[in-house]
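S.K.: Once you've had a glance at the structure underneath, I'll fire off some questions.
The values are calculated or read from the model by the stated rules, or taken from the named source; none is laboratory data. Since the structure is predicted, the reported quantities are computational estimates derived from the model, not experimental observations. For neighbour counting, all protein chains shown are included, and Cβ atoms are generated from backbone atoms with ideal geometry for every residue, glycine included. Each accessible area value is taken on the protein alone, full model and side chains, heavy atoms only, with ligands, DNA and RNA left out. Shrake-Rupley method; radii C 1.70, N 1.55, O 1.52, S 1.80 Å.
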Amino acid sequence: MTPLVSAVIPTIGRPSLARAVQSVLNQTQPVAEIIVVADTDAAVPLPSDDRIVLLRKCAGSGPARCRQLGIDAAHGTVIALLDDDDEWHTTKLARQLEAVDSLASTHWIASSRMVVLGPGTRRRIWPRRVIEPGESIAEYLFRLTDLRLGGSALQTSTLCFPVDLAREVRWDVHAGAAKDEPSWLIRVQRTIPDVRVVQLPDVLSTYNVQQQSRSRDKSDRTGQYIEWGLQYLASESPRVLGDYLCTSPISAAVSARSLDGVLRSLQAALRYGRPGPFAMAYAVLNAARIAIRSAGPANR
């Protein structure tokens, strides 16, 4: 039996929403419904299609609560997530559903590679390595094996999974967490140890990280990222926790140009974890990067 797919798109009313919805309508594997959850009180213009349903959440509820509202309202058997500034390639759903068709269990999550656009004219393909069958999600996402970012990723707009999975392990439990999708993914694997993560090597979506994206937030969220790691990765190996604390919180500190944030992240990594050489090098290089910027002529 062909699965009935419910696409769930949280939105804060970006103009890019129309493009995201159109990429769902263009799928070679048709969807049963497109549930758009508005995290805004403003009008949300949408294409005309009987499959599109608009729900509203109180403005400022955040993407995790909006995703769960859409999941709870879905009539389909499979959920496919999409952010309002990303888009799917036309065969995305067909390729993913084909890949999981032979699985006897309903405990699966499908993902894929993606093209990453921005900031500016930058274009990359992430991840460089797909997750291995049975591999720890936390290990895959946060253990650093070189100095380049993008080596591993399970980005929200690539994910689809049985609806029952997200009703058993809910997204809104993690509302307000510094990292939405890793919070949910790690908890799924801990709750359902036999869950299969099938990540196709195909590039099946576009991830936009332009300046207007939430992904390019310039506020200093270093402390939130440190706390996330201490909460969600406490039971992981010291290497995973240390590598995480030397990378994600430090990336947040660099975006905010906070040398203090870099130093706090490095201190937490050494206190609570055992970061590897690549993570330590990443932290030191970024501390030097901010120090040089701070000492520049424009800051004197």
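S.K.: Using θ = phi - 60° and the Karplus curve 6.51 cos²θ - 1.76 cosθ + 1.60, what whole-Hz ³J(HN,Hα) does each residue of the range 22-32 get, with Gly and Pro shown as x?
M.R.: Values, residue by residue: 4, 5, 6, 4, 8, 5, 5, 9, x, 8, 7 Hz.
S.K.: Is the range 10-130 best put as rounded, prolate or oblate by its Cα gyration tensor, with a ≥ b ≥ c the root eigenvalues, rounded for a/c under 1.5, and otherwise prolate when a/b is larger than b/c, oblate when not?
M.R.: Here the range 10-130 falls in the oblate category.
S.K.: Carbon and sulfur atoms: what percent of the 1.4 Å accessible area of the chain do they account for?
M.R.: 53
S.K.: Calculate, in whole percent, how much of the Cα-Cα pair population of the chain lies beyond 36 Å.
M.R.: Everything past 36 Å amounts to 16 percent.
S.K.: Can you send over the solvent-accessible area of residue 69, 1.4 Å probe, protein chains only, in Å² to the nearest 10?
M.R.: 50
S.K.: Follow-up. Enumerate the amide H contacts of residue 52 below 5 Å, restricted to partners 5 or more residues apart or on another chain; note that Pro and chain-start residues carry no placed amide H.
M.R.: Under 5 Å from the amide H of residue 52 lie the amide H atoms of 34, each far enough along the sequence or on another chain.
S.K.: At 222 nm, what value in deg cm²/dmol follows for the chain if DSSP H runs of at least 4 each add -39500 (n - 2.57) and the sum is divided by all its residues, to the nearest 500?
M.R.: Here the helix-only value at 222 nm equals -11000 deg cm²/dmol.
S.K.: Also, quick follow-up: As a test of the definition: which semi-axes, in Å, follow for the range 130-201 when you take the square root of five times each eigenvalue of its alpha carbon gyration tensor? Largest first, please.
M.R.: One finds semi-axes of 21, 15, 11 Å for the range 130-201.
S.K.: Still on this structure: Counting only DSSP beta bridges with both residues in the chain, what percent are antiparallel, rounded to the nearest 5?
M.R.: In the chain, DSSP labels about 30 percent of beta bridges as antiparallel.
S.K.: What is the percent of Cα-Cα separations in the range 150-248 that go past 19 Å?
M.R.: Counting every Cα pair in the range 150-248, those more than 19 Å apart make up 51 percent.
S.K.: Which chymotrypsin sites (Phe, Trp or Tyr not before Pro) in the range 123-180 pass both tests, a DSSP loop state and at most 12 other beta-carbon atoms within 10 Å?
M.R.: none
S.K.: On to the next question. Send over a whole-number figure in Å² for the accessible area per residue of the range 28-155, probe 1.4 Å.
M.R.: Spelled out: the 1.4 Å probe surface of the range 28-155, per residue, equals 45 Å².
S.K.: Next up: Can you work out ³J(HN,Hα) from phi for every residue in the range 265-274, in order, using Karplus 6.51 cos²θ - 1.76 cosθ + 1.60 and θ = phi - 60°, giving whole Hz and x for Gly and Pro?
M.R.: Taking θ as phi minus 60°, the curve returns 5, 5, 4, 5, 4, 6, 7, 9, x, 9 Hz for the range 265-274.
S.K.: Could you give the angle, 0 to 90 degrees to the nearest 10, between helix 63-73's Cα long axis and the longest principal axis of the Cα atoms of the chain?
M.R.: The helix 63-73 is inclined about 20 degrees to the chain.
S.K.: Given a cut-off of under 8 Å on Cα pairs at least six residues apart, what relative contact order in percent is computed for the chain?
M.R.: Relative contact order, the chain: 17 percent.
S.K.: Turning to a different aspect of this structure: To the nearest 0.05, how large is the calculated FRET efficiency for residue 194 and residue 231 if R₀ is 25 Å and r is the Cβ-Cβ distance?
M.R.: Working from the Cβ atoms, E equals 0.50.
S.K.: When the convex hull of the C-alpha atoms of the range 77-196 is computed, what volume per residue in Å³ does it have?
M.R.: Taking only Cα atoms, the range 77-196 has a hull volume of 127 Å³ per residue.
S.K.: Take the alpha carbon atoms of the range 162-189, find their center, do the same for the range 42-113, and report the distance between the two centers in whole angstrom.
M.R.: 14
S.K.: With a 1.4 Å probe and every protein chain left in place, tell me how much accessible area residue 77 has, in Å² to the nearest 10.
M.R.: We get 70 Å² for residue 77.
S.K.: Evaluated at 25 °C with a viscosity of 0.890 mPa s, what Stokes-Einstein diffusion coefficient in µm²/s does the range 42-89 have when Rh comes from the Kirkwood expression over alpha-carbon pairs?
M.R.: 196
S.K.: Something else about it: Quick one: angle between helix 222-232 and the longest Cα principal axis of the chain, in degrees between 0 and 90, rounded to 10, please.
M.R.: Between helix and principal axis, roughly 70 degrees.
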